[in-house]
1. For residue 103, list long-range residues whose amide hydrogen, built 1.01 Å from N in the peptide plane, is under 5 Å from its own amide hydrogen.
2. When you take every Cα atom in segment 64-190, what is the radius of gyration, and what is Dmax, the widest Cα pair distance, in Å?
3. Set the Förster radius R0 to 41 Å, insert the Cβ-Cβ distance between residue 80 and residue 122 as r into 1/(1 + (r/R0)^6), and round the FRET efficiency to 0.05.
4. Considering only protein heavy atoms and a 1.4 Å probe, what is the carbon-and-sulfur percentage of the accessible area of segment 101-179?
5. Evaluate the distance, in nm, between pseudo-label points positioned 7 Å from the Cα of residue 98 and of residue 133 along their respective Cα→Cβ axes.
6. Using a/c under 1.5 as the rounded threshold, could you call segment 93-137 rounded, prolate or oblate? The axes a ≥ b ≥ c are square roots of the C-alpha gyration tensor eigenvalues, and prolate needs a/b larger than b/c, oblate otherwise.
Amino acid sequence: MAEGDGEGPEIPRSRLYDYLENADPDDKVGQAPRDSVESPSPGPLTGAAISPTAAPSPGSTDDIACARREFAALLGEFRRTPVLVPLDEDEAPLVGDYGGIRWIYAFSDESALAGFAIARGEGSREWEYRRVLGARLLDAGVPATGVPTGVALDVGSDGGGVLFPPVTGIVPDAAAVDTEMVDGEDRGER
């Protein structure tokens, strides 16, 4: 836009749009951009999340066992992969509350974060984030909140997102909502 064209002041463009425009739609979610100077992530983080302790839906026992194995593989991949955690104005992880659970937002790559920012109508500002290993986020970040907290990976992404709820097997038992303390001893419901 040229000066003096009468359309008002030019709003600076956020670099987040560059990530979206340069994203290859054939790339799998969770892989680093091709021009990234950092080492690529070990593999894609995709799939529908189900809680390993969720009540089974009607289906065969083999289907349930298969779904649990798939979720366990996805959880293992998440734990080994660095993710991007956007920060709020106080440099704390950006979170959202839904269903009585606090969710820490995490993203597999810059284009997933950019899509989230634009969907929120905040694509014009710079987003600060930290790269955090998934295991550290689940094992240290979740308990540090002091309230029931899970991790929402790639929320708002085209490929769907993945929820890692605060249940045993995903977060430390002390931060899980499906355990109870009896006489100071953890009596997990498993």
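The values are calculated or read from the model by the stated rules, or taken from the named source; none is laboratory data. A quick note: this is a predicted structure, and the numbers were derived from the prediction, not measured. So basically every Cβ, Gly included, is an ideal-geometry build from the backbone, and we count neighbours across all protein chains shown. Just so you know, the surface numbers come from the protein's heavy atoms only, side chains and all, with ligands and any DNA or RNA stripped out. Shrake-Rupley method; radii C 1.70, N 1.55, O 1.52, S 1.80 Å.
1. 96, 97, 98, 150
2. Radius of gyration, then largest Cα-Cα span, for segment 64-190: 15.3, 53 Å.
3. On the way: r = 30 Å, r/R0 = 0.73.
Here the calculated transfer efficiency is 0.85.
4. Values: 1680 of 3260 Å².
Taking all protein chains in place, segment 101-179 shows 52 percent carbon and sulfur surface.
5. Roughly 2.8 nm, to one decimal.
6. Details: a/c = 2.18, a/b = 1.21, b/c = 1.80.
Verdict is oblate for segment 93-137.
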